[in-house]
1. Calculate the spin-label point distance for T318 paired with L97, positioning each point 7 Å from the Cα along the beta-carbon direction, and give it in nanometres.
2. Suppose R0 equals 56 Å. What FRET efficiency, 1/(1 + (r/R0)^6) with r the Cβ-Cβ distance, do V21 and E210 give to the nearest 0.05?
3. From the alpha carbon gyration tensor of the chain, can you work out the equivalent ellipsoid semi-axes (sqrt of 5 times each eigenvalue) and give them in Å, largest to smallest?
4. Over what distance in Å are the Cα centres of region 33-65 and region 133-183 separated?
5. With Cβ to Cβ distances under 11 Å as the rule, what net charge do the other residues near S102 carry (K, R +1; D, E -1)?
6. So, for the chain, what is the accessible surface per residue at a probe of 1.4 Å, expressed in square angstrom?
7. Please list, in chain and number order, the residues 5+ apart from F305 or on another chain whose amide H is under 5 Å from its amide H, with Hs placed from the backbone.
8. Over 23 Å between Cα atoms: which of K34/K408; K219/K275; K311/K351; K161/K219; K161/K212 fall into that group?
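The values are calculated or read from the model by the stated rules, or taken from the named source; none is laboratory data. On a predicted model such as this, the values are computed, not experimentally measured, just so you know. Note that we place each Cβ from the backbone using ideal geometry, even for glycine, and neighbour counts take in every protein chain shown. All accessible areas refer to the heavy atoms of the entire protein, side chains included, with ligands and DNA or RNA removed. Shrake-Rupley method; radii C 1.70, N 1.55, O 1.52, S 1.80 Å.
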Amino acid sequence: MQKKNKTISLKTNSGSFELDVKEATVGPNVIDLKRLYSQTGLFTFDPSYSATASCESYITYIDGNEGILEYRGYPIEQLAELSTYLEVAYLLFNGELPSENSLEDFRANVKANMVIPQQTKKLFEGLDKDSHPMAMLTTAMASLSSIYHDEIDIKNHEDQKKFFFNVLGKTPILVASIFNHRNQTNIGQYHEELSYSENILSLFFGGNGEYKIDPVFAKALDILMILHADHEQNCSTSSVRLTGSSGTNPYASIAAGVAALWGPAHGGANEAVVKMFGEIGNKDNIPKYIAKAKDKNDRFRLMGFGHRVYKNFDPRATIIREECHKVLNAMENDDDPMFELAQELEQIALKDEYFIERNLYPNVDFYSGIIYQAMGIPKEMFTVMFALARTLGWATHWCEMQSQPSLKIGRPRQLYLGEQRRDYIAIDQR
Ligand code: ACO
């Protein structure tokens, strides 16, 4: 017997309409509004897309009320504890966990792409070393579209795969090139025996003589990368999808994601958080800054606090706070003043009525900068580190989207509030 579709009735002045309800495996179902306009002449109004499912996806699941994040069905806590970034990359892309052999093939494919073209290397010479690293990354990512374009058939699965491995291999080199260009130092070498995250540290710091990779840093970086790898239809991923829906070059779509991530309401918050800690200075000033954050006449917000989806806690923040303890403990720097300030700020905010009422909790960006800083990565590079990890999610979403036969160009509508005029007079007669 054929399963009957669920529907929902919508009553308008011109009648009653049945709208299909599409069922999710887990989480909220959605009302299919594709025929709403043709049936009723009405659009929906949801400017920040907070009630809109923009696509079907099999990749990542979030339950914001319960603080749940899952990649391909696996809880983030398990992946952060037991997996590596490359295993997570395999999982996100293929939908299954790898065997040792398949992971080895996957790693070899990434590694084969860990070289950047001469043209891209030269590009950095034209960029001021003091320009913002996210400006450099947006430019460098977009520049890959000037090299990889003509031969790409975006609907061909093999070409999608090539793009995926190319971007996963090249982004660490781009990011390490940016770090070294800023410092006017040499980029380090890739080493076959090192993990993906160890190689990132080696590329960053290993170009000028001896650099010993600290296993605590390498583990912390891998965990940060796993936690940042994907987050369903956030602002930057939606930018990649919307840009990619026109059929444009995939590297250009990823560059759109990088640009979107830069903003302080999104990935740029990690840099803003550390700037804010610097501005607060010491624990005595916390009440003053909490008051500023609550004052609606003041544009100041508690950076690294609040989230569009998480209304209980952000599971990534909990893991990162723990990781902060481990890193600082290994450095015998348990009483790091910035970490102490951050924890005190969190405690005070979590007890404050304003933050309780609005369900505002620390998000992924609140503690991450403290770890990056401990590794020797400056605050201007934090969002670039986020982008490095998130490129995996963007590329996976781009591939998923291009493989879906139902893909159509993204094209929202609007509520027009401008004028309509019929009194045009030619310029020489006004
Ligand atoms: N500090 C003070 N007040 C806040 C904060 C904050 N960090 N975040 C939200 N609020 C208040 C708002 O003023 C609003 O109050 P009101 O109802 O009295 O007007 C209420 O909480 C709801 O806030 P919205 O802005 O409507 O929530 P939205 O879902 O649109 O924004 C966002 C989410 C952008 C993350 C917001 O919480 C914020 O600006 N946080 C600081 C920046 C940040 O940390 N961004 C990183 C997010 S994680 C990521 O993208 C990787």
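1. Here the modelled spin labels are 2.1 nm apart.
2. On the way: r = 62 Å, r/R0 = 1.11.
Efficiency at R0 = 56 Å is approximately 0.35.
3. So the equivalent ellipsoid measures 37, 29, 25 Å along its semi-axes.
4. Centre-to-centre (Cα) distance: 31 Å.
5. On the way: positive: R107; negative: E87, E96, E100, E104, D105.
In short, -4.
6. Values: 22630 Å² over 430 residues.
Accessible area per residue, the chain: 53 Å².
7. For F305, the qualifying residues are N363.
8. Details: K34/K408 12 Å; K219/K275 25 Å; K311/K351 15 Å; K161/K219 28 Å; K161/K212 34 Å.
Cα-Cα > 23 Å for K219/K275; K161/K219; K161/K212; rest within.
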